[in-house]
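Step one of this worksheet: look at the structure below.
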Amino acid sequence: MILNKIKTIVKSVLGIKEKEVATISKKASNFRANINKLETDMKAMEQQVGLVETHHFSNGVYARELFIPEGTLLTGKIHKHENLNILSQGTISVATEDGVKTITAPATIVSKPGTKRLGFAHTDCVWTCVHSTDKVDLEEIENEVISENYDDVDMISESDVKKIKGAI
């Protein structure tokens, strides 16, 4: 029943039919508005999942580990800078402006700045976002790496800058 409700929400908010899920990348211009609308609608639902976060700190590195229970539909945050994402457990389908992919652990993804995701956990998952920062205060880290909107995002990644410099 919950899965059907989720499918209905995703189809109505994203404006796609089930068979058209693979063509979501063609709707990239609307994806940001649609995922933000979906996120707002999800926050208004009575049933919320309390996700467990574990924070790790090392020399200039911060990692936010998230346990995502099976059957969870969630949206990610907008990251200002390029960062690593590691799926160390489980299988999850992820929609971004580039389309929909089903990912099975172990997997590591390099996220470009401005990426926001919609995810559906097919099994219990452990997803970790890794950021370069010397900060250890969570509020300061959020202010440094997370954006509330797309206006405050480095739209060109650090690796792209290196490639451009190397070509010059």
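Where a number appears in this text, it was derived from the coordinates with a stated rule and is not lab data. This structure is a prediction, so every number in the text was calculated from the model and none was measured. Virtual Cβ from ideal backbone geometry, glycine too; neighbours counted across all protein chains shown.
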Check your understanding: Taking amide H positions as placed 1.01 Å from N in the peptide plane, with prolines and chain starts having none, which residues 5 or more places from residue 82, or on another chain, fall under 5 Å of its amide H?
Key -> 158
Review point. Once label points are set 7 Å from the Cα along Cα→Cβ at both residue 105 and residue 32, what is their separation, rounded to one decimal in nm?
Key: 3.2
Practice item. Subtracting the Cα-Cα distance from 0.36 nm times the residue separation, let me have the gained length for residue 144 to residue 43 in nm, one decimal. Key: 33.9 nm
Exercise for review: Determine the alpha carbon to alpha carbon distance for each of 43/112; 43/101; 80/116 and list only those over 19 Å.
Suggested key: 43/112; 43/101
Practice item. Using per-residue counts of other Cβ atoms within 10 Å, averaged over each peptide, order 126-134, 33-41 from highest down. Key: 126-134, 33-41
Practice item. Please give the peptides 92-99, 142-149 ranked by average Cβ packing (other Cβ atoms within 10 Å per residue), highest first, as a rough proxy for protection. Key: 92-99, 142-149
